[in-house]
Amino acid sequence: MDEIRLIIASDSVGETAELVTKACTSQFNQFGKALDTVRLPYIETPENVDEVISIAKEQQSIVIYTLVKPAIRQYMKEQLEANQLKHVDIMGPLMTILTEELNEQPLNEPGMVHKLDEDYFKKIEAIEFAVKYDDGRDPRGLTKADIVLIGVSRTSKTPLSQYLAHKRYKVMNVPLVPEVDPPELLFKIDPAKCIALKIDPEKLNAIRKERLMQLGLNDDASYAQDQRIHEELAYFEKIVSRIDCPVIDVSNKAIEETANEIIKIVTARSSSK
């Protein structure tokens, strides 16, 4: 049997067409020895298409292509048919059906699947970052973080870190406790990326008492006593004034509401640079 030559042509890197090709050829045992595949990426102009046609004619190749721009896809089809070359349009037929069913024009932007993949991996990276640097476990995270949340216990630092991570922000949170000095590095990083979470003492008292009851402990522990809470909040104010960072009152806010305020601050900071 003569060798079968395949050309994979794409306006991106060609991975989609190559995966489909491999899925098909894997069903035939003899293709392991008789298949020659060439990938031609970034076919974006009529001149690029002409080059594909020239190679395909010379080698009598089958052309498998994924082209999202309608004009280039149509030109490829016309040239392949005119030169009587065997071919498969992987994306075109489904794009046409989806356009009709959704009553919406496609973006026609090559490489969108890779952008989506990149977005997904950024989210996973941010989530892993939030877990790794939760509760100030490793001060080295301060320089790597997009956002640093500071506040006393029970100001929603951890859930906020996770929520913002799903928005692809790398967040580290640092608890402020009078008996424990915060990392010295906290005072050396850009204060604009620090967000202090303020809370009303009565609200904090109620939250902490509820937490103690959930743990099966007495709600009269020092953790939930007014004197201790005021002591912690005074220490919080001292640290915040030293850093001079933005402050958000989380007393009566849902996680989503606080997160949106944080994002606005961070966005404004970025646009002003």
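The values are calculated or read from the model by the stated rules, or taken from the named source; none is laboratory data. All values derive from a computational prediction rather than experimental measurement. As a convention, Cβ positions derive from the backbone with ideal geometry for all residues, glycine included, and neighbour counts pool all protein chains shown. These accessible areas exclude ligands, DNA and RNA; they are computed on the full protein's heavy atoms, side chains included. Shrake-Rupley method; radii C 1.70, N 1.55, O 1.52, S 1.80 Å.
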**Prompt:** Considering only DSSP beta bridges whose two residues both sit in the chain, what percent are antiparallel, to the nearest 5?
**Reply:** 5
**Message:** Suppose only helical runs count, i.e. DSSP H with n ≥ 4. What mean residue ellipticity at 222 nm does that imply for the chain under -39500 (n - 2.57) per run, divided by all residues and rounded to the nearest 500 deg cm²/dmol?
**Reply:** -15500 deg cm²/dmol
**Asked** Roughly how many Å² of Arg168 are accessible to a 1.4 Å probe, to the nearest 10?
**Response** 90
**Message:** Probe radius 1.4 Å, ligands and nucleic acids ignored: give me the carbon and sulfur share of the accessible area of the chain as a rounded percent.
**Reply:** 50
**Prompt:** Using heavy-atom solvent-accessible surface (probe 1.4 Å) with all chains present, what is the largest-first order of Cys24, Cys245?
**Reply:** Cys24, Cys245
**Prompt:** Rounded to the nearest 10 Å², what accessible area does Lys170 show when all protein chains are kept and the probe is 1.4 Å?
**Reply:** 50
**Request:** Find the accessible area per residue for the chain; the probe is 1.4 Å, ligands and nucleic acids are left out, and the unit is Å².
**Result:** 59
**Complete:** Shape call for the range 138-273, from the Cα gyration tensor axes a ≥ b ≥ c (a/c under 1.5 means rounded, otherwise prolate when a/b beats b/c, else oblate), comes out prolate
**Prompt:** If exposed GluC sites (Glu not before Pro) are those in a DSSP loop with at most 10 other Cβ within 10 Å, what is the longest stretch of the chain that has none?
**Reply:** 4-103
**Message:** Taking the full set of protein chains and a 1.4 angstrom probe, give the accessible area of Asp220 in square angstrom, rounded to the nearest 10.
**Reply:** 100
